[in-house]
């Protein structure tokens with residue numbers, strides 16, 4: 001009976017080893033490929049300025065009559081293009097001018113920028129221009145400190161053009177004043193090809209060539225001055241220079257042109273003039289925005305009815321290309337989120353980042369190699385191989401996060417929601433979860449005693465891990481496919497987050513009520529485990545603690561649970577008293593969150609004393625969304641613990657609540673059936689209620705008060721029959737055990753631009769990137785989960801801080817959704833047994849610390865860690 005088990009384990013270990021080797025090889029291939037691409041293929045355009053100028057494709061093409069509102073997401077190859085809005089434009093062009101010179105196609109881009117600055121004011125200005133028939137006049141638009149000007153010059157031969165070209169300088173003024181004599185910060189010249197084709201017959205090409213050759217010298221930025229600066233190139237983005245750009249000839253939709261236009265504006269003329277522009281730009285420093293023509297290439301829906309002008313969405317993306325070229329290398333690009341990677345250079349590492357990079361990529365791997373080589377004179381000074389391996393893996397993950405999301409080594413791409421992709425990904429994950437369903441394993445001790453099927457407890461460990469796993473899978477797909485803009489998907493994900501918090505309330509309350517363990521070790525272990533990545537990543541990635549909000553969210557609720565149950569915990573067996581504490585706690589937390597001034601005061605104190613930036617509005621929003629679901633979990637935990645106690649007290653009299661609980665035990669089948677029927681009936685009613693919400697804001701208002709309905713319904717249905725309780729999905733349970741790490745690490749090694757985009761390899765289609773990077777991301781998250789457990793054990797003083805077997809876990813602890821295994825404090829009898837065992841095996845004796853000394857040691861460690869974090873905060877730049 002033993003050999004098959006050993007063989008099965010050996011086969012399982014072999015499969016695991018093979019998978020590890022495959023994933024290690026894939027990661028090595030990915031690293032070698034991105035380094036090769038960055039150092040050789042992209043060496044002429046490392047900052048993706050050329051890609052923004054010359055290439056791109058629509059991620060959301062579609063006909064004009066499509067309700068999807070297409071042409072909003074233009075994708076240059078390998079980088080994320082930022083959608084500029086009013087605040088961004090004011091930060092970039094404070095007291096500066098943006099000038100457009102050309103015909104009506106250039107005027108469309110002028111109005112697009114104006115609408116970004118002030119939509120209402122721009123609409124009024126457009127209506128006024130149309131009312132007075134001033135379409136062929138110069139225009140000006142100004143908001144606050146930014147001025148946008150349009151000079152009507154369809155042939156590029158006006159005095160206004162000469163005046164702007166003469167003033168233009170590629171170097172921004174050190175003290176911009178906004179005076180008329182200052183160079184424009186951004187100057188776009190529209191090619192005059194359409195007007196030459198329309199109004200010039202025989203000499204159109206000569207006149208067009210002369211107009212282009214007139215402006216080319218100014219675009220070289222030399223002006224013949226020997227003391228002038230060398231030509232500005234886009235592959236050296238160290239500052240945000242003034243830009244002089246030339247738009248190509250807008251290729252019209254020939255088949256819908258009016259007869260008079262179709263007779264003169266022919267494909268042959270337009271192609272001939274654009275070919276000349278290509279030659280001129282190839283032999284000069286002139287920058288032509290060729291991506292403009294790609295936006296309308298082989299398309300019809302991009303045009304208005306005239307066939308000459310583009311729809312508003314296309315005009316807005318043309319404006320964004322200009323603004324990204326001019327502004328992405330400015331000061332705004334040095335602040336997270338780093339979501340503007342086109343034509344932008346990342347901030348160089350500071351001293352803290354360099355220390356972490358050198359430690360993770362040089363010092364720790366070197367020490368680990370020496371430790372494994374058993375260098376005698378050095379080994380005595382080094383930690384164990386396991387400890388060094390743990391620290392090395394953790395620091396390497398930090399370094400990978402940095403190089404993936406804070407350098408141009410990895411390419412980035414923009415997200416685009418496609419319902420088909422979302423549904424296909426969810427279906428694939430569901431199939432993987434279903435085919436991996438298996439019977440829950442009983443703890444060995446129980447299995448030896450029962451020799452048969454043992455019914456699993458309510459919300460067992462395997463079940464909560466599975467629950468976390470499939471929820472995490474949906475959340476990851478939701479982020480990757482950018483499903484946040486779809487209301488019904490957003491509502492589902494909000495319920496999934498509420499379910500996490502429900503499990504936090506249920507799991508921790510169950511543990512505390514069953515064990516009575518309110519020790520510093522337990523609290524410190526949970527908090528360190530939840531916050532280790534969230535506290536270290538901000539120093540490496542130049543973000544802040546609240547950016548990885550989930551760790552802070554569950555930490556806050558853990559402290560609420562801990563304090564609620566810790567106060568007067570000797571009376572927790574008194575049900576009315578316990579529920580009264582929960583009600584008071586809910587009221588106190590509501591006041592703490594809702595009353596203006598309290599959170600603001602906390603944020604002010606943290607900022608002044610610890611240099612911590614705490615976004616109050618964001619924090620209030622996150623807490624308020626799920627304000628009461630944790631207490632629902634606590635109440636259910638109290639009832640579940642009481643139910644387990646009454647199993648051995650059935651004959652004893654009790655209050656009304658105890659009587660009802662005893663009835664549910666006695667008539668368990670009937671009770672489960674009735675509960676399942678009620679839960680099934682509640683779900684359609686809940687869904688119809690949420691369908692009434694017209695937008696996210698309305699649903700967010702209802703969320704704290706109604707989220708318990710589907711959650712309790714699911715819990716009831718999942719536990720209403722022994723077959724449902726005794727089986728679980730292995731794939732989802734595996735993912736659930738590292739859900740915290742996947743949630744945090746997705747920000748930088750799966751997504752990109754601080755979740756604003758996707759990490760890309762540049763190998764081909766987007767699905768290929770997902771196919772290669774997703775297994776690597778999950779594998780890294782799994783190993784990071786194990787290292788954070790080990791490091792947490794190192795902090796709280798456990799020599800072996802890994803997941804304990806089920807028979808070693810006290811009742812209730814195995815139900816915790818964030819399992820932090822309890823390191824038992826040894827009593828005298830325990831120590832005697834261990835000493836005898838060690839004598840039998842020849843092991844060395846071990847000294848044990850008293851609980852008081854252990855608590856003091858943890859306090860000292862936590863104090864040192866907090867002191868180091870405080871020093872890092874106040875000195876970090």
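The values are calculated or read from the model by the stated rules, or taken from the named source; none is laboratory data. Here the structure is a predicted model, which is why all the values come from computation and not from measurement. Note that we place each Cβ from the backbone using ideal geometry, even for glycine, and neighbour counts take in every protein chain shown.
A few notes on this one:
- Segment 732-755: number of residues that are part of a loop (DSSP other than H, G, I, E, B) and either closer than 19 Å to residue 467 by Cβ or not assigned by TED's automatic domain parsing to the domain that holds residue 543 (or both): 1
- Considering only residues in segment 447-461 that are surrounded by 12 or more Cβ atoms within 10 Å (Cβ to Cβ) and assigned to a helix (DSSP H, G or I), the one that is modelled with the lowest pLDDT turns out to be 447.
- Filter result for the condition that a residue is modelled with pLDDT under 95 and surrounded by fewer than 21 Cβ atoms within 10 Å (Cβ to Cβ), over 382, 396: 382
Residues checked against (1) surrounded by fewer than 20 Cβ atoms within 10 Å (Cβ to Cβ); (2) outside any helix (DSSP H, G or I); (3) assigned by TED's automatic domain parsing to the domain that holds residue 204; (4) under 29 Å from the mean Cα position of the chain (by Cα):
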residue: 277; (1), (2), (3), (4): no, no, yes, no
residue: 285; (1), (2), (3), (4): yes, yes, yes, no
residue: 300; (1), (2), (3), (4): yes, yes, yes, no
residue: 305; (1), (2), (3), (4): yes, yes, yes, no
residue: 324; (1), (2), (3), (4): no, no, yes, yes
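- Among the residues examined, residue 715 qualifies as touching a residue at least 24 places away in the same chain (Cβ under 8 Å) and within 21 Å of residue 642 (Cα to Cα).
- Count of segment 609-655 residues, restricted to those that are farther than 29 Å from residue 460 by Cβ and at pLDDT below 90, is 8.
- Residues that are in a helix (DSSP H, G or I) and surrounded by 22 or more Cβ atoms within 10 Å (Cβ to Cβ), drawn from segment 481-494: 483
- Test: residue 310 is more than 30 Å from residue 171 (Cβ to Cβ), out of contact with any strand residue (DSSP E or B) (no Cβ under 8 Å at 6 or more places or on another chain), buried (at least 21 other Cβ atoms within 10 Å of the Cβ) and modelled with pLDDT of 90 or more: no
- Considering 161, 165, 186, the condition of being surrounded by 13 or more Cβ atoms within 10 Å (Cβ to Cβ), touching a strand residue (DSSP E or B) at 6+ places or on another chain (Cβ under 6 Å), over 30 Å from residue 262 (Cβ atoms) and modelled with pLDDT of 90 or more is satisfied by 186 alone.
- Checking each residue in segment 608-620 for being closer than 30 Å to residue 701 by Cβ and without any contact (Cβ under 8 Å) to a residue 12 or more places away in the chain picks out only 617.
- Some residue of segment 329-347 being in contact with a strand residue (DSSP E or B) (Cβ under 7 Å, 6 or more places away or on another chain), closer than 30 Å to residue 537 by Cβ and not assigned by TED's automatic domain parsing to the domain that holds residue 80: yes
- Index of the failed condition, residue 558 passing every other in (1) surrounded by 19 or more Cβ atoms within 10 Å (Cβ to Cβ); (2) modelled with pLDDT under 95; (3) touching a helix residue (DSSP H, G or I) at 6+ places or on another chain (Cβ under 7 Å): (2)
- Which listed residue is within 16 Å of residue 106 (Cβ to Cβ) and either at pLDDT 90 or above or crowded, with 16+ Cβ neighbours inside 10 Å (or both), from 257, 246: 246
- In segment 262-275, the residues that are more than 30 Å from residue 184 (Cα to Cα) and buried (at least 18 other Cβ atoms within 10 Å of the Cβ): 265, 269
- Within segment 49-84, the only residue that satisfies the criterion of being more than 23 Å from residue 481 (Cα to Cα) and in contact with a strand residue (DSSP E or B) (Cβ under 8 Å, 6 or more places away or on another chain) is 53.
Per-residue answers, yes or no, for (1) closer than 28 Å to residue 253 by Cβ; (2) in contact with a helix residue (DSSP H, G or I) (Cβ under 8 Å, 6 or more places away or on another chain); (3) without any contact (Cβ under 8 Å) to a residue 60 or more places away in the chain; (4) not in a helix (DSSP H, G or I):
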residue	(1), (2), (3), (4)
101	yes, yes, no, yes
107	yes, no, yes, no
110	yes, no, yes, no
116	yes, yes, no, no
123	yes, yes, yes, no
127	yes, no, yes, no
130	yes, no, yes, no
140	no, no, yes, yes
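- Residues of segment 679-708 classified as crowded, with 17+ Cβ neighbours inside 10 Å, within 28 Å of residue 465 (Cβ to Cβ) and modelled with pLDDT of 90 or more, total: 4
- Taking segment 253-275 as the range and being in contact (Cβ under 8 Å) with a residue 60 or more places away in the chain and over 42 Å from the mean Cα position of the chain (by Cα) as the test, the residues that pass are 261, 264, 265, 266, 269, 270, 272, 273.
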